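Computed from the coordinates by the stated procedures, all read-outs in this text should not be read as laboratory data. These numbers were taken from a predicted model, which means no experiment stands behind them. Cβ placement follows ideal geometry from the backbone for every residue including glycine, while neighbour counts extend to all protein chains displayed.
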């Protein structure tokens, strides 16, 4: 995708909080550039932990498949991808990264482009990381997710979206953010600060893709678990942050995707969440594939049956009248 000088300049101006080197990484021609970037919180509302530095890291050198991550997030935000002809649907994406960083391209910008080209307005969420030293660190990803849903609804007229068709999707550790929002969308994890916070944080549908879910040590992703709740959290804390143990009848419709051969995040995470939803009669659709491993996103599915997953998600969104 060729980018003109004006597009690159616009992208760099949208990221005033990044270093010059980070801005250069964000605007490399091989990547996909958002139309805008908005902060989740007013500048004086959150104070980053001392010494925390935001940094973009390039994980590969393939010019045709940019694979970047953002670590040390100091200013959580939404990067917006606007379609030429909006269909009114909005999707918020929370990429993964084991709660150590947030993936930019593979689970963010690439799917954002795919959805945008089909008329969906997409918001890629760069959420705070619980192990970075924030106060109440275990709840900061959920606070950012709640705030994102509310802010998107508040911006409905500006972005030409329907506030009753807002979807939240997450990958891997971002799937844990999503699953937490599924069951704790109304938990008071931050004090209201403006009119947006009077709006509901319950998504109208929610997708979790090879998600970290449970904090049960038997199936938990060990790194995500320690970053989120610590090495010795206690039973109560473990249960609070295990969405499969907190399902509720009024949770949004849920869509799950996982590969049986995932050797990073055990498929038992998705199976437990699906079974818990079914036990209480909450709507849930799950797709489990023989092969795919972990972290396949859109870029690592060639030649595998799992490559069809975006179309399956699209059809499910249509069934629920999101698109």
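Packing, as the average of other Cβ atoms within 10 Å across residues, places the peptides 169-177, 102-110 in the order 169-177, 102-110, highest first. Based on alpha-carbon atoms only, what is the radius of gyration of the stretch 253-312 relative to the globular estimate 2.2 N^0.38 Å? Relative to the 2.2 N^0.38 Å estimate, the stretch 253-312 comes out at 1.15. Be a star and scan the stretch 66-92 for residues whose amide nitrogen sits under 15 Å from the point 7 Å along the Cα-to-Cβ vector of residue 160. Taking a point 7 Å out along Cα→Cβ of residue 160, the residues of the stretch 66-92 whose backbone N falls under 15 Å are 81-90.
Highest mean first, how do 297-308, 246-257 rank when packing is the count of other Cβ atoms within 10 Å averaged over residues?
Ranking, from highest mean packing down: 246-257, 297-308.
Once Cα extents along the principal axes in Å is worked out from the coordinates, which option in (1) 77, 44, 34; (2) 54, 45, 39; (3) 57, 51, 46 does it equal? Structure-derived value, by its label: (2).
What order, most packed first, do the peptides 147-156, 313-322, 187-196 have when packing is the mean number of other Cβ atoms within 10 Å of each residue?
Going by the mean number of other Cβ atoms within 10 Å, highest first, we get 147-156, 313-322, 187-196.
Look at the alpha carbon pairs under 8 Å that are at least 6 residues apart: their mean separation over the length of the stretch 232-293 gives a relative contact order of 41 percent.
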